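I have placed the structure first, in the form of structure tokens, so that the comments after it can refer back to it.
The values are calculated or read from the model by the stated rules, or taken from the named source; none is laboratory data. Only a predicted model underlies this, so the values are computations on that prediction, with no experimental measurement involved. Please note: Cβ atoms are built from the backbone with ideal geometry, for glycine as well, and neighbour counts cover all protein chains shown.
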Amino acid sequence: MPYGRGRAYDTDMTTTGHITTAEQLLQAPGLGRCELIRGEVVMMTPAGFRPGRIGGKVAAALVTYVEPRRLGVVITAEGGFQIAHDPDTVRAPDVAFVRAERLPAAEPLGFFQGAPDLAVEVLSPGDRASEVTAKVQDWLDAGSSVVWVVDPQTNTVSVYQGRGEATILRSGDALTGGELIPGLRIAVAELFAT
């Protein structure tokens, strides 16, 4: 299983059939949280209480800042982004932001076509470094401007942009929106505070 915090989906155990496309994934009721990675369904296990709470704080901070300013929309883990076709890849970051100018006139009921401008991944205890690196690279290759990797074990946030190294932020630092979300500032310490 090369990607995600989960296992490859065994289609023999259900009546949903063999799922290899984004459309088939969207039509598979009751499957649970998963991603489609290069035509293979990968189940996602729950991240845990603390990672979930921290992800909620990130989402709340983004919604509070971007929506009143009509800068775009914030999407949580239940949304999905189709970032590749044939074979299809549908990823679901813990939190995402899409700029207003990229939003279609009619909000899609299915997966958003393309990558979010900002993808946020909150690590769970079972995440492996190679899986996280692959996911970050998928987001950047698909067109995300920025990826934040939030680590509840080390209380750090790694910020990835383009092809450069990650900038690691600690409790005395602040996450900023840079050119993507001008004026946004989130104290790293606040994300991890109990």
Considering only the stretch 50-89, state which residues are among the acidic types (Asp, Glu) and closer than 18 Å to GLY177 by Cβ. GLU67
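Just give me the residues in the stretch 123-144 being in contact with a strand residue (DSSP E or B) (Cβ under 7 Å, 6 or more places away or on another chain) and under 12 Å from GLN161 (Cα atoms), in sequence order. Break it down into steps so the answer makes sense when it comes.
First, pick out the residues of the stretch 123-144 that are in contact with a strand residue (DSSP E or B) (Cβ under 7 Å, 6 or more places away or on another chain): 123, 132, 135-136, 138-140, 142, 144.
Those that are in contact with a strand residue (DSSP E or B) (Cβ under 7 Å, 6 or more places away or on another chain) and under 12 Å from GLN161 (Cα atoms): VAL136, TRP139, LEU140, SER144.
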Close pairs (6 angstrom Cβ cut-off, 6 or more residues apart or separate chains): under 30 Å from LEU191 (Cα atoms) and without any contact (Cβ under 8 Å) to a residue 40 or more places away in the chain in the stretch 24-53, aromatic (Phe, Trp, Tyr) and surrounded by 15 or more Cβ atoms within 10 Å (Cβ to Cβ) anywhere: MET43/TYR9
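Take the residues in the stretch 84-103 that are under 12 Å from the mean Cα position of the chain (by Cα) and free of Cβ contacts under 8 Å to residues at least 60 places away in the same chain, then tell me which one is surrounded by the fewest Cβ atoms within 10 Å (Cβ to Cβ). Write out each step before concluding.
Within the stretch 84-103, the first condition is being under 12 Å from the mean Cα position of the chain (by Cα), and the residues that meet it are 90-98.
If we keep only those that are free of Cβ contacts under 8 Å to residues at least 60 places away in the same chain as well, we get 91-96, 98.
Numbers: ARG91: 26, ALA92: 20, PRO93: 26, ASP94: 24, VAL95: 27, ALA96: 29, VAL98: 22.
In this case the residue turns out to be ALA92.
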Tell me which residues, restricted to the stretch 157-194, are touching a strand residue (DSSP E or B) at 6+ places or on another chain (Cβ under 7 Å), more than 23 Å from VAL66 (Cα to Cα) and either surrounded by 20 or more Cβ atoms within 10 Å (Cβ to Cβ) or at pLDDT below 95 (or both). ALA166
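Which residue out of THR154, THR167, THR89 is more than 27 Å from VAL41 (Cα to Cα), touching a Lys or Arg at 6+ places or on another chain (Cβ under 9 Å) and among the β-branched types (Val, Ile, Thr)?
Details: THR167 fails: touching a Lys or Arg at 6+ places or on another chain (Cβ under 9 Å); THR89 fails: more than 27 Å from VAL41 (Cα to Cα).
Going through THR154, THR167, THR89 in turn, the sole match is THR154.
Sort out for me the strands (runs of 3 or more DSSP E) sitting completely within the stretch 19-138 that have 1 or more residues that are more than 22 Å from PRO152 (Cβ to Cβ). Reasoning before the result, please.
Details: elements: 34-37, 40-43, 72-76, 81-84, 89-91, 95-99, 118-122.
Here the list reads 34-37, 40-43, 72-76, 81-84, 89-91, 95-99.
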When LEU62 is run through (1) crowded, with 18+ Cβ neighbours inside 10 Å; (2) at pLDDT below 95, the failure sits at (2)
